[in-house]
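Chemist: The structure's right below; bear with me while I get my questions together.
The values are calculated or read from the model by the stated rules, or taken from the named source; none is laboratory data. Note that this is a predicted model, so its numbers are computed, not measured. Because the Cβ atoms are built from the backbone with ideal geometry, glycine has one as well, and the counts that use them run over all protein chains shown. When the accessible area is computed, the model is the full protein with side chains, heavy atoms only, and any ligands, DNA or RNA have been set aside. Shrake-Rupley method; radii C 1.70, N 1.55, O 1.52, S 1.80 Å.
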Amino acid sequence: MSAQDVGLRFFCYIIFASVVFLADRAAAYDPNFTPAQPRFENVALESGVEHVYGGSWEHFTGGGVAAFDCDKDADPDLFFAGGGNPAQLFRNDSQPGNGLSFTPLGDAAPHDRAVTGAYPLDINGDGNMDLAVLRIGENKLYLGLGDCRFEAANAKFHFNGGEEWTTAFSATWEGDNRMPTLAFGNYVNRAVWAAIHTAFGVDDQNRKSSLNTCLDNYLVRPAGVSADRFAAPLTLSPGFCALSILFSDWNRSGKRDLRISNDQYYYLPPGEEQLWHLAPEPALYQPEEGWQSVNIWGMGIATHDITGDGYPEYFLTNMMANNLATLGDDPSVGPRFVNIAGAAGVVAPRPYTGGDQDKVSTAWHAQFADLNNDGLVDLFIAKGNVDEMEEGAIEDPNNLLMRKPDGSFREAGQSAGVGNMERSRGAALIDLDLDGRLDIVVVNRRANAEILHNQSDESGGWLQVALRQKGGNVNAVGAWIEVRAEDEMWRQEVVIGGGHASGQSGWHHFGLGGEDEAEIRVQWPDGMWSAWQPAGSNRFITLSRDGYAISTHFGLPGAS
């Protein structure tokens, strides 16, 4: 087959995939269900959250938030990166029906400066959530002690935090290892960047001189299967200025590979997006394995099976047009992805309101979630100018792209109350008051964080699920959760990473639309499946691997 024939065949598949993407979701949706219109209210100040991601040019990137339960009361607490300001931990004291309330813990919690982002994970499997804190300088691991108390643990875990400018993180468990494998994505060499800016100016196109500004990335593995410490880091080279990384099982093979999204503003050719094999030794996927070069100003990765084909899609944020990558028709040919952003209506290249609609948008954190419980997953995108880039919009509102029954998305940011004009960075979509509706937390550069409380009318059912298993990987990172009701199926991969410098852990949320009797099963990280179990609706459940028992964590009024 000639190269021309191959190209024509692939072009035809792009059209086919786009049509199937829309048709599949339209067929599964209940036409008799009327979804709630999304509505959010920013209650940051009245709920007790005052925090700004600040600092000089080194903090143009970063600005993440970690959402996780550090005091075992089931609701998520919030740890904010501060950049030039101290990081802050806020304990969540909210009660369902009584509004949101947070208490800043001050110096009693990790409060480093130069923090770009943070991700929660249980490193030692003791049931307390720990923190991986990304910094300009030494990255830090903090061991959770319970009751939102932490201790510095780099020495305890023999962890080398380096001295780079770190802007991305992901974690997974390999095989039977007691400890996780960690990946750190690094940005630019500050000394080289400063020299280029001195010589050419901050925004001069001659910044891409013969100097390579991008730093290598690192893979940190345990020192052994049963080890309680880490080995020396492995270098992942070349690095192309990573702003988001994610371990994910893109072809449902049972193994996780590492996807890296890179900022082409600074890397030299032949820089591109990257996908790494982990075993037996880290190695980049090559064109002969199906890998196709993609060059974007990559800033964030969001993943979800939105097409319903059983494989994850990857939304890649960009400056200008965003990318939605779905796997080609034959996974056996390798990671050959098709961009269906246009058909889905998620390109979002320019602001939808404000005075800069003739300029390009700058997208950072992105996340899929069902924000009105209609059974259709939605997409939130945090946007904001790097600082004062002339080609980018200054008035650049965040996107709230709501899924429609035909599978495409519509913009609802302005009407829903989430389209602020600040320079947004990281975010989390999480249920802050455990009422079954997801709220939105947004980190802003040089402006206060936002706590967007979900005020949408309740019209759809929901489930929130936690996983537990024995061993080091107690929260079953790498598992797949499947929920079904009637003819509808929802799937989520349990991951740590992606987004932009922001991570969350806790309940996995599923909107059920008009369905009120769902079933659930799990493919555990080792590939074993649980049996289908009745799950009901409007409840929080914890699914344990032992005996595949479902236990009600706690119920809310109206739970079934």
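Chemist: What is the extension gain from ALA195 to ASP487, computed as 0.36 nm multiplied by their sequence separation minus the C-alpha to C-alpha distance, in nm to one decimal?
Modeler: Working it through step by step, the gained length comes to 99.2 nm.
Chemist: Looking at the square roots a ≥ b ≥ c of the eigenvalues of the Cα gyration tensor of region 323-433, which shape do they give, rounded for a/c under 1.5, prolate if a/b is larger than b/c, or oblate?
Modeler: oblate
Chemist: Here is a follow-up. Percent of accessible area on region 289-430 owned by carbon and sulfur, 1.4 Å probe?
Modeler: 47
Chemist: Order the peptides 338-344, 352-358 from the highest to the lowest mean number of other Cβ atoms within 10 Å of their residues.
Modeler: Highest-to-lowest ranking by the protection proxy: 338-344, 352-358.
Chemist: Averaged per residue, what accessible surface does the chain expose to a 1.4 Å probe, in Å²? Intermediate values should be presented prior to the final figure.
Modeler: Details: 20320 Å² over 560 residues.
With all protein chains present, the chain gives 36 Å² per residue.
Chemist: Calculate the FRET efficiency for THR34 and ARG149 from the Cβ-Cβ distance with a Förster distance of 51 Å, rounded to the nearest 0.05.
Modeler: The computed FRET efficiency comes out at 0.65.
Chemist: A further question on this structure: Given the convex hull over the Cα atoms of the chain, what projected area results after averaging over all orientations, in nm²? All intermediate terms of the calculation are to be shown ahead of the outcome.
Modeler: Values: hull surface 95.2 nm².
Directional mean of the projected Cα hull area for the chain stands at 23.8 nm².
Chemist: So, one more: Set the Förster radius R0 to 56 Å, insert the Cβ-Cβ distance between GLU288 and GLN95 as r into 1/(1 + (r/R0)^6), and round the FRET efficiency to 0.05. Spell out each step's value before the answer.
Modeler: Details: r = 57 Å, r/R0 = 1.02.
About 0.45, to the nearest 0.05.
Chemist: Taking the alpha-carbon distance from LYS140 and a cut-off under 14 Å, which aspartates and glutamates remain once sequence neighbours fewer than 8 residues away in the same chain are dropped?
Modeler: Straight-distance partners of LYS140: ASP112, ASP130, GLU151, GLU163, GLU164.
Chemist: Using Cα centres only, tell me the gap between region 279-333 and region 423-489 in whole Å.
Modeler: 23
Chemist: Quick check: the distance between the Cα centres of region 219-268 and region 139-172, to the nearest angstrom?
Modeler: Computed from Cα coordinates, the inter-centre distance equals 16 Å.
Chemist: Please give the calculated 222 nm ellipticity per residue for the chain, where each DSSP H segment of at least 4 residues contributes -39500 (n - 2.57) and the sum is spread over every residue; nearest 500 deg cm²/dmol?
Modeler: It lands at -2500 deg cm²/dmol.
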